[in-house]
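Take a look at the structure set out below.
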Amino acid sequence: MTLPANTLGDAPRRPKTALVLSGGGMFGAYQAGVWSVLAEFWQPDIVVGASVGSLNGWAIAGGATGDDLHQSWLDPRRAERHRYRFPRSIYEGFIDPSSLEKWIQELHAQWTPRCEVGVALTEMWTFRLQLVQNSEVTWQHLAASCGVPLFLPSYVLQGRRYVDGGLVTALPLWGALAMGAERIVSVNLLAGRANPLMSASAQALRWMTGFKVQVPSDAHLVQINPRPALGKPQEMIFWRQDRVEQWFERGRHDAMAKKHFVCDMF
């Protein structure tokens with residue numbers, strides 16, 4: 001007897017899905033708004049983030065809801081003013097990282113990943129990109145991914161010094177592809193930003209390192225990006241509740257506009 005074709009062999013393999021989150025400082029509240037919509041119908045197989053995207057991504061991978069992220073961003077402790085210092089070396093930065101490190105330690109302890117998670121780092125001086133995955137991720141890796149040179153410190157991990165995971169490219173699509181993702185939803189907080197200095201610096205680093213992202217032709221990518229830009233570069237540094245609420249609502253609005261594209265991807 002011949003069995004129907006759909007009963008022969010193993011069931012078709014389901015493509016891996018990924019959520020990829022860029023860096024962008026306080027603009028990260030926009031990603032929380034996006035997730036508040038996506039979380040209603042989707043849980044990715046993989047979450048990859050750089051800089052603030054790694055913080056949001058760690059919580060999302062741990063099962064955080066949109067409301068969880070929203071409340072985290074509204075935490076009044078985020079309003080604590082940065083304390084400046086004169087660094088003893090170029091590796092320390094002008095901003096005292098104490099309050100940020102405390103937030104990251106609490107975040108790391110609060111959530112345990114339920115899916116695969118990747119954190120993007122940049123090796124200092126060589127500018128090689130590094131992806132730390134799953135149980136290997138410590139709070140120091142999250143802090144290193146946020147370590148903006150001259151402003152926040154770099155971190156020595158396993159004998160190598162690392163800084164901002166979004167330094168070469170704000171959006172770590174490369175990390176999701178390396179982890180086997182075939183269906184990707186990306187949120188790039190810095191897409192289309194009219195900041196010549198930031199753009200020129202990133203382009204120069206990509207040229208120096210020969211970095212390119214090759215997205216396979218059979219991969220599916222849905223981009224949810226803020227347009228126009230969320231604000232001026234200095235607004236990425238300081239927390240303000242009204243801005244957080246504004247960026248969160250913009251994230252929700254833009255995610256709703258792309259919701260059918262995400263659903264079609266599955």
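The values are calculated or read from the model by the stated rules, or taken from the named source; none is laboratory data. It should be emphasised that the depicted structure is a prediction, and the values quoted were computed from it without experimental measurement. As a convention, Cβ positions derive from the backbone with ideal geometry for all residues, glycine included, and neighbour counts pool all protein chains shown. Note: areas computed on protein heavy atoms with side chains; ligands, DNA, RNA excluded. Shrake-Rupley method; radii C 1.70, N 1.55, O 1.52, S 1.80 Å.
I'd like the full set of residues that are of a type outside the set (Val, Ile, Thr) and closer than 25 Å to residue 155 by Cα, limited to region 30-59.
Residues satisfying the conditions are 49, 50, 51, 53, 54, 55, 56, 57, 58, 59.
Can you pull out the residues in region 39-50 that are in contact (Cβ under 8 Å) with a residue 40 or more places away in the chain and open to solvent by 10 Å² or more (accessible area, probe 1.4 Å)?
41, 42, 43, 45
Against the definition (over 25 Å from residue 126 (Cβ atoms), part of a helix (DSSP H, G or I) and in contact with a helix residue (DSSP H, G or I) (Cβ under 9 Å, 6 or more places away or on another chain)), how does residue 243 come out, yes or no?
yes
Do the conditions hold for residue 179, that is, is it closer than 17 Å to residue 32 by Cβ and surrounded by fewer than 21 Cβ atoms within 10 Å (Cβ to Cβ)?
no
Can you pull out the residues in region 203-226 that are in a loop (DSSP other than H, G, I, E, B) and either open to solvent by less than 50 Å² (accessible area, probe 1.4 Å) or over 16 Å from residue 181 (Cβ atoms) (or both)?
Residues satisfying the conditions are 210, 211, 212, 219, 224, 225, 226.
Can you tell me which residue in region 16-38 is nearest to residue 252 (Cα to Cα), limited to those that are of a type outside the set (Ser, Thr, Tyr), open to solvent by 10 Å² or more (accessible area, probe 1.4 Å) and touching a Gly at 6+ places or on another chain (Cβ under 9 Å)?
26
Please verify whether residue 188 is at positive phi and within 17 Å of the chain's Cα centre (by Cα), treating the condition exactly as stated.
Taking the combined requirement at face value, the residue does not satisfy it.
Can you tell me how many residues in region 92-129 are within 24 Å of residue 236 (Cα to Cα) and either open to solvent by 60 Å² or more (accessible area, probe 1.4 Å) or not polar (S, T, N, Q) (or both)?
So the count comes out to 23.
Consider region 171-215. How many of its residues are modelled with pLDDT under 75 and of a type in the set (D, E, K, R)?
Result for region 171-215: 1.
Can you find a residue that is of a type in the set (S, T, N, Q), in contact (Cβ under 8 Å) with a residue 24 or more places away in the chain and open to solvent by less than 50 Å² (accessible area, probe 1.4 Å) anywhere in region 227-247?
no
Helices (runs of 4 or more DSSP H) wholly in region 25-142 with at least 2 residues that are farther than 27 Å from residue 202 by Cβ and modelled with pLDDT of 90 or more - which ones?
28-38, 66-74, 98-110
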